[in-house]
1. Please verify whether region 57-73 includes one or more residues that are surrounded by fewer than 14 Cβ atoms within 10 Å (Cβ to Cβ) and among the hydroxyl-bearing types (Ser, Thr, Tyr).
2. If you go through region 49-66 one residue at a time, do you hit one that is of a type in the set (S, T, N, Q) and either more than 30 Å from Thr5 (Cα to Cα) or in contact with a Leu (Cβ under 7 Å, 6 or more places away or on another chain) (or both)?
3. Could you list, in sequence order, the residues of region 75-94 that are among the aliphatic types (A, V, I, L, M) and open to solvent by 90 Å² or more (accessible area, probe 1.4 Å)?
4. Please verify whether Glu122 is under 30 Å from Ile7 (Cα atoms) and either without any contact (Cβ under 8 Å) to a residue 60 or more places away in the chain or of a type in the set (A, V, I, L, M) (or both), treating the condition exactly as stated.
5. Read through the list (1) under 25 Å from the mean Cα position of the chain (by Cα); (2) touching a residue at least 12 places away in the same chain (Cβ under 8 Å); (3) closer than 30 Å to Ser130 by Cβ, then give the number of the only condition that Glu103 fails.
6. Just to be sure I understand the filter: pairs with C-beta atoms under 9 Å, separated by 6 or more residues or on different chains, first member in region 57-77 and assigned to a helix (DSSP H, G or I), second member at pLDDT 90 or above. Which pairs pass?
7. With part of a strand (DSSP E or B), in contact with a helix residue (DSSP H, G or I) (Cβ under 9 Å, 6 or more places away or on another chain) and either farther than 30 Å from Ser8 by Cβ or without any contact (Cβ under 8 Å) to a residue 40 or more places away in the chain (or both) as the only criterion, which of Tyr113, Tyr88 stands out?
Amino acid sequence: MEPITTISTIFSSIKTATDIAKLIKDSNTSLEEAEIKFKMAELISTLADIKIELSEVQVSQRAKEEKILELEKLLAKKERVIFKQDMYWMEGDEVPFCKVCFEKDAKYHHLEYKPRSKHSSEYHFCRICSSYYYKR
């Protein structure tokens with residue numbers, strides 16, 4: 001349920017509960033005991049509905065706060081990444097990340113380093129997407 005709809009439902013339930021409570025308070029002795037019990041039961045039911053709706057709002061709010069925290073951490077991490085030598089590097093990390101994986105999927109996959117041999121020059125290799133990055 002959308003938060004606005006939930007909040008609207010809560011306010012409606014609170015108004016109903018308030019109206020019932022006022023009716024019980026303002027009732028005179030001519031109101032039969034059975035009618036009072038019925039109104040009290042209705043009041044308790046309405047208050048239970050309010051409690052349920054408020055818990056749903058609380059759960060939704062908590063989920064949103066966790067998502068915001070997760071996105072803030074991701075942004076802070078992304079701000080520490082620099083692009084040089086055709087690869088992404090993070091401050092304090094000596095192993096570069098794959099440019100393709102980072103730009104395509106925002107994934108931080110470390111590259112494997114392959115030293116120069118008699119058959120090839122030195123390069124970095126991504127095990128995930130099979131991209132090669134030759135040293136210039």
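The values are calculated or read from the model by the stated rules, or taken from the named source; none is laboratory data. Because the structure is predicted, anything quoted here is derived from the model rather than measured. Note that we place each Cβ from the backbone using ideal geometry, even for glycine, and neighbour counts take in every protein chain shown. What goes into the accessible areas is simple: the full protein's heavy atoms, side chains included, and nothing from ligands, DNA or RNA. Shrake-Rupley method; radii C 1.70, N 1.55, O 1.52, S 1.80 Å.
1. No: region 57-73 contains no residue that is surrounded by fewer than 14 Cβ atoms within 10 Å (Cβ to Cβ) and among the hydroxyl-bearing types (Ser, Thr, Tyr).
2. no
3. Passing the criteria: only Leu75.
4. The answer is no for Glu122.
5. (2)
6. Final answer for the pair search is Lys77/Met90; Lys77/Tyr108.
7. Step by step, each of Tyr113, Tyr88 is checked, and only Tyr88 is part of a strand (DSSP E or B), in contact with a helix residue (DSSP H, G or I) (Cβ under 9 Å, 6 or more places away or on another chain) and either farther than 30 Å from Ser8 by Cβ or without any contact (Cβ under 8 Å) to a residue 40 or more places away in the chain (or both).
One line per residue, one yes/no per condition, for (1) more than 30 Å from Tyr123 (Cα to Cα); (2) among the small types (Gly, Ala, Ser):
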residue	(1), (2)
Val59	yes, no
Arg62	yes, no
Ile68	yes, no
Ala76	no, yes
Glu79	no, no
Val100	no, no
Asp105	no, no
His110	no, no
